[in-house]
1. Give me the extension gain from S325 to L121: residue separation times 0.36 nm, minus the current Cα-Cα distance, reported in nm with one decimal.
2. Based on DSSP H runs of at least 4 residues, each adding -39500 (n - 2.57), what is the mean residue ellipticity at 222 nm of the chain after dividing by all its residues, to the nearest 500 deg cm²/dmol?
3. With all protein chains present, how much of the accessible area of the chain (probe radius 1.4 Å) comes from carbon and sulfur, to the nearest whole percent?
4. Under the rule a/c < 1.5 gives rounded, and otherwise a/b versus b/c splits prolate from oblate, where does segment 89-218 land using the Cα gyration tensor?
5. Could you work out the relative contact order of the chain? I mean the mean sequence separation of Cα pairs under 8 Å and 6+ apart, divided by the number of residues, in percent.
6. If R₀ is 35 angstrom, what is the calculated FRET efficiency for the pair N188 and K95, using the beta carbon separation as r and rounding to 0.05?
7. Given labels modelled 7 Å from the Cα in the Cβ direction, how far is it in nm from E212 to L176?
8. Quote to one decimal, in nm, the extra length available between F25 and Q233 on full extension: 0.36 nm per residue of separation minus the C-alpha distance between them.
Amino acid sequence: MRFLKIDKAKKFIRSNMSVEREKIFALIKERLPQNVSFIEEVADVLDISYDAMYRRINGKTLLSFDEAIKLAKHYRISINSIYSFEQGDNVIVLKKKNSNTITGVTTFFQEVVKSIKTFNLEEDSELFYAAKDIPIYYLPEESLYTKFKLYVVSQGFLSEKERIRFKDFNVPVSLLQSAKDFTKIYQNIRITEIWNDTTINSALYQIYYFYETKLISKEEANLLCLELEKIVQQIEKKSTDDTLSELGNKKYDLYYNKSITLNNTSFFKRDKIKILIIPYTHLSYIRIDDKDSCEEYEQYFKQQVLMSKKISGKSEVVRELFFTSVYEKINQLKQQIEVKSLISFM
């Protein structure tokens, strides 16, 4: 896929005499709750008076290009959905990159929450997730494993000299809160996930790597294995119950496929709004709002589902076989930690 550069897009848009204000206003209205005044809301975003906003709505005053861009950024609206570019295979994307620091991790969580907040508010919202790793939105609010994951994402890409031991890592309140907000935003969304045989591997490799490099102790490594096992047990229960919570208000579908490659891509949809979030580095992602691209991915994901085995709901045998293999891998890691410890001792 080729990307249309922003400066080229500006030239194209400015060459049109009429900004498609009706289209952008309609897209904004789709995103606003029914009890919110459209004119007051948008006037506040543009920092103009009620009367000035009304003149833009009825066409007496043109909505400028800069104002259109400001509204598009605020309401997370794709430029592609507002303007019709001649190059049909060009897509404008939103690229977000954060530093491998505690501040960067905090910002990452906050940005994702802003991107998908609208989906948390609607009953028909859905998430399709290609789980290369255990989804981070399953992290318990307070646990050693949650602390470890935050430690990994903020310390994992530092040099050996810059890293601190896990026991010396104090999680800032701001980071804990942003991680908590991140996990909560997923609780009111119907979720369909695809896992494969390697989905658990990343978590296991992380525990063993930091144990082997002596940044976590044997006791910490064993505790992390136990907590990881509890998280998997909770996911297994959700898949058995076919729901995301004890209230049973949101359906959960889990599929298993041993042949496809997964990359932690998230596809959100509700009513007329769809977004695609694709990770491309440690704390960086690309967001695509383009309608055609999102619909293309939706069809691709559904094809993957058709090629997969459902392990949630009534699929007891397949589910038991799958999760048994996951628990076996966790136990193998426990044994490996013990072996490593014995060898070091001798």
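The values are calculated or read from the model by the stated rules, or taken from the named source; none is laboratory data. What you see is a predicted model, and the numbers here were worked out from it, not measured in a lab. Here Cβ is always computed from backbone atoms with ideal geometry, including for glycine, and neighbour counts include all displayed protein chains. To get the accessible areas, we keep the full protein, side chains included, count just its heavy atoms, and leave off ligands, DNA and RNA. Shrake-Rupley method; radii C 1.70, N 1.55, O 1.52, S 1.80 Å.
1. Length gained, S325 through L121: 69.8 nm.
2. Details: 12 runs with 172 residues, N = 346.
When only DSSP H runs of four or more count, the value is -16000 deg cm²/dmol.
3. Using a 1.4 Å probe with all protein chains present, the chain comes out at 51 percent carbon and sulfur.
4. Details: a/c = 1.73, a/b = 1.58, b/c = 1.10.
Because a/c hits 1.5 or more and a/b exceeds b/c, segment 89-218 counts as prolate.
5. On the way: 444 pairs, mean separation 69.8, N = 346.
Once normalised by length, the contact order is 20 percent.
6. The computed FRET efficiency comes out at 0.80.
7. Spacing of the two 7 Å Cα→Cβ label points: 3.2 nm.
8. That works out to 70.3 nm of additional length.
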